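To keep things clear, I will list the structure first and then write my remarks on it.
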Amino acid sequence: MTEALIESPLARLSEEEIDALGREFDAIHDEVFAQLGERDRTYITSIIALHRRLVVGSRVVLVGSRFPPARLLGTSMLSLAKILENMEIGHNVMHGQWDWMNDPHIHSSTWDWDTASTAEAWKHSHNYVHHTYTNIRGKDRDLGYEIMRIDPHQKWHPVYLFQPLYNILLAMFFEWGVAVHDLDFEAIRKGEKSKAQIKRELKGMAGKARAQVVKDYVAFPLLSAAVAGGARYARERRRSKRAGAAAAAADVARRTFRATLKANAAANIARNAWSYAIIFCGHFPDQTYTFSPDEVADESRGGFYVRQLLGAANIEGSPLFHVISGNLGYQVEHHLYPDMPSTRYGEIAPQVKDICQRYGLPYNSGPFGQQLGGVQRTILRLAFPGGHPRPKPGPYRGDDTMPAPGAQPRFASPGENGSGPEQPSDGVRVSMPGEQA
């Protein structure tokens, strides 16, 4: 039985250590929120402004999309704009990370994003369900998105034989997969949703789908075609070629429409594939743990923090990488504090590592290629029957050491190195992290 093969580090902590650890994590949250101010406000408004400039610039460049250099440049700019909007702006704003500013235009209650999921459905399935029940088997619906076997505890079914194929399709069309996932077919099948609720959610999804399709595959290609065709018509008229002006303009318009449509589709696929890669690397690599409902019954605040710590994995990269990944390269910190402005994750990472080191807990992290490769290997292996949990990392020992997989933790004795479980910070919060509607 795979249940007994991997012991969670949570089982090795005493109740006193878990409570002390919880107070330390609470204190980090409170300290950061006491410091939030103009620097943070300037960052998010600057990122939003950059996104808008990229969108406008890409649309202007794609007027010349029938020329390969312009098509490549415009597609690249639009791809980056969509990635920024989806990852660093939309995901984080709707988590409530910027609600402290009380800006009605940058607020989780009003923001909608450039993707197929409605804000309401996504905030419930992601902010609430996923971040509350992270990696609890049978409760976290993001654990394989209910279509993939990514943990050997999941019972094998013949349909999983096809998951290497639909894994590729999911990466290409990730926004649509998430939108359908948000409907929660299991809840519909069990009768847990009323017909009125189902109708409202389907209507919302259809509205977002229509807006996405019209915007990227009709409106903007038509706009590019009209501008390019109109410019060609005017040029032909100036040359006194009135007879062929309309035909030349129509030909340019047709080619521009098709080229812009393809550029928009490529940008959407690039955004989807990038989102898929970052999210899967942060949740499904070898280092992460999953939990049975019994393991987390009567979970304390400290236990909640430990589960978030063990159920996520970081991706190492440059500052630019972290911006375009929505700072989800710091997935561990994000799961500890989903409502904290993303730019603060890198700043608190050393404090999180220190807690891991003192309490004998792993700090899951690895290069992008390693994390993505491990996830793909798991998807391929678990498409078939059987499978065992991969070796888990040992306790974090500092950035200069690599603990052996499966190494047993050594808890710091009280007061060791001037700190330890009996000397936590005092900050306490009332609400449990992740409990966002």
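The values are calculated or read from the model by the stated rules, or taken from the named source; none is laboratory data. Computed from a prediction, not measured in an experiment: that's the story for all the values here. Quick reminder, even Gly has a Cβ in these numbers, built from the backbone with ideal geometry, and neighbours come from all protein chains shown. The protein model used for the area step is the full one, side chains on, heavy atoms only, and it has no ligands, DNA or RNA in it. Shrake-Rupley method; radii C 1.70, N 1.55, O 1.52, S 1.80 Å.
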- Message: So, R0 is 30 Å and r is the distance between the beta-carbons of residue 185 and residue 258; what FRET efficiency does that work out to, to 0.05?
- Response: 0.25
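At most 13 other C-beta atoms within 10 Å and a DSSP loop state: those are the exposed GluC sites (Glu not before Pro) I care about. Give me the longest piece of the chain that has none.
That gives 193-421 as the longest site-free run.
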- Return the single residue from 159, 332, 93 with maximal mean-square fluctuation; model: Gaussian network over the chain, springs between Cα atoms under 10 Å. 159
- Give the relative contact order (percent, whole number) for segment 51-109; include only Cα pairs under 8 Å separated by 6+ residues. 27
- Residues of segment 189-299: accessible area per residue with a 1.4 Å probe, Å²: 53
- Task: Could you order 257, 173 so the one with the most accessible surface comes first? Probe is 1.4 Å.
- Result: 173, 257
- Task: Return the single residue from 300, 318, 58 with maximal mean-square fluctuation; model: Gaussian network over the chain, springs between Cα atoms under 10 Å.
- Result: 318
- Mean separation of Cα pairs under 8 Å and 6+ residues apart, divided by the residue count of the chain: what relative contact order is that in percent? 26
- Task: With a ≥ b ≥ c taken as the square roots of the eigenvalues of the C-alpha gyration tensor of segment 129-253, please select rounded if a/c is under 1.5 and otherwise prolate if a/b is larger than b/c or oblate if it is not?
- Result: prolate
- Three-way shape label, segment 1-101, alpha-carbon gyration tensor, a/c 1.5: oblate
- Query: With every protein chain in place, what's the accessible area of residue 172 (1.4 Å probe, Å², nearest 10)?
  - Reply: 70
- Message: Let me make sure I get this right: for segment 47-171, a, b and c are the square roots of the gyration tensor eigenvalues over alpha carbons, sorted descending. Under 1.5 in a/c it's rounded, otherwise prolate if a/b > b/c, else oblate. Which is it?
- Response: oblate
- Item | Accessible area in the full protein assembly, largest first, 1.4 Å probe, for 304, 368 | 368, 304
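If I require 30 Å or longer along the helix axis, counting alpha carbons, and a Kyte-Doolittle average no lower than -1.0, what helices from the chain are left? Use full DSSP H segments.
Helices meeting the span and hydropathy rule in the chain are 15-35, 38-61, 242-283.
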- Query: Can you list the lysines whose alpha carbon sits under 23 Å from that of residue 123, skipping same-chain ones fewer than 8 residues off?
  - Reply: 82, 139, 190, 193, 195, 199, 203, 208
- Let me have the 222 nm mean residue ellipticity of the chain computed from DSSP H runs of 4+ only, each contributing -39500 (n - 2.57), with the sum over all residues rounded to the nearest 500. -16500 deg cm²/dmol
- Go through 77, 148 and list them by solvent-accessible area, largest first, probe radius 1.4 Å. 77, 148
- Pick from 389, 367, 158: which is most flexible by mean-square fluctuation in a GNM of the chain where alpha carbon atoms under 10 Å apart are linked? 158
- Item | Sulfur and carbon atoms: percent of accessible area, segment 1-154 [1.4 Å] | 59
- Charge dipole (the chain, unit charges on Cβ, about Cα centre) - positive-most of 180, 94, 70: 70
- Just grab the label-to-label distance for residue 15 and residue 214, each label 7 Å out from Cα along the Cβ direction, in nm (one decimal). 5.9
- Message: Between residue 297 and residue 103, what is 0.36 nm times their sequence separation minus the Cα-Cα distance? Round to one decimal in nm.
- Response: 66.0 nm
- Query: Can you give the accessible area of residue 252 in Å² (nearest 10), computed on protein heavy atoms with a 1.4 Å probe?
  - Reply: 0
- Note on the structure: Expressed in angstrom and rounded, the centroid-to-centroid distance over alpha carbons for segment 165-222 and segment 246-282 is 20
